[in-house]
Amino acid sequence: MKTCFKCNELKPFSDFYKHSAMTDGYLNKCKVCTKSDVNKHRSVNIEKIRAYDRERAKHPDRIKSNVEQTKMWRSQDKRRSYAHSQVSQAIKKGTLIKIPCERCGCEQSLAHHEDYDKPLDVVWLCQPCHKQRHKELKLLEK
């Protein structure tokens, strides 16, 4: 058991991240408090963090990893890649009009497919709402 210096609660070691520099091998702040601090820092410094992430994405090892991930993603379900291609072509032709996020109204939206067998039947969602929708779908699968 260990006490978090932030919330002063006594918690099991499993509620703390491992940290080799600490005498007991665990960080002095619990996972809940650490996540809270990270989220606060990110929201306050979002532009700096986004700039850092853009630069980091340009590193050769990250580019290579991204290419491998894309190949794996495409090979897992050919329908998915085909559906994305169909949406892209339809937008270019003007037969499909990109609209703001259907949940929050954000202008930067992505085409989300509920069914890859219907490539042009899409729901327009921004990145956060899109991720949330996939989480919802995973919960429905369970």
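The values are calculated or read from the model by the stated rules, or taken from the named source; none is laboratory data. None of the values given here were measured: they were computed from a predicted structure. Reconstructed Cβ throughout: ideal geometry from the backbone, glycine too, with neighbour counts over all protein chains shown.
Taking the residues in the stretch 68-110 that are within 19 Å of the chain's Cα centre (by Cα) and among the hydrophobic types (A, V, I, L, M, F, W, C) as candidates, determine which candidate is surrounded by the fewest Cβ atoms within 10 Å (Cβ to Cβ). Checked the stretch 68-110; the qualifying residue surrounded by the fewest Cβ atoms within 10 Å (Cβ to Cβ) is M72. If the condition is being at pLDDT below 95, under 23 Å from D77 (Cα atoms) and out of contact with any strand residue (DSSP E or B) (no Cβ under 9 Å at 6 or more places or on another chain), then the stretch 88-116 contributes D115, Y116.
Of all residues in the stretch 27-47, those being surrounded by 11 or more Cβ atoms within 10 Å (Cβ to Cβ) and assigned to a helix (DSSP H, G or I) number 9. On the stretch given as the stretch 50-67, residues that are hydrophobic (A, V, I, L, M, F, W, C), assigned to a helix (DSSP H, G or I) and closer than 30 Å to P119 by Cα total 2. Scanning the stretch 14-23 for residues being surrounded by 11 or more Cβ atoms within 10 Å (Cβ to Cβ) and under 14 Å from T34 (Cα atoms) gives a total of 4. Quick one: would you say S85 is in contact with a strand residue (DSSP E or B) (Cβ under 9 Å, 6 or more places away or on another chain) and either under 23 Å from C129 (Cβ atoms) or hydrophobic (A, V, I, L, M, F, W, C) (or both)? Answer is no for this residue. Whether any residue in the stretch 28-37 is more than 25 Å from the chain's Cα centre (by Cα), farther than 24 Å from Q127 by Cβ and not assigned by TED's automatic domain parsing to the domain that holds H134 is what I want to check. For the stretch 28-37, residues more than 25 Å from the chain's Cα centre (by Cα), farther than 24 Å from Q127 by Cβ and not assigned by TED's automatic domain parsing to the domain that holds H134: present. Once the stretch 68-97 is narrowed to residues that are out of contact with any helix residue (DSSP H, G or I) (no Cβ under 6 Å at 6 or more places or on another chain) and not in a helix (DSSP H, G or I), the residue that is farthest from L125 (Cα to Cα) is D77.
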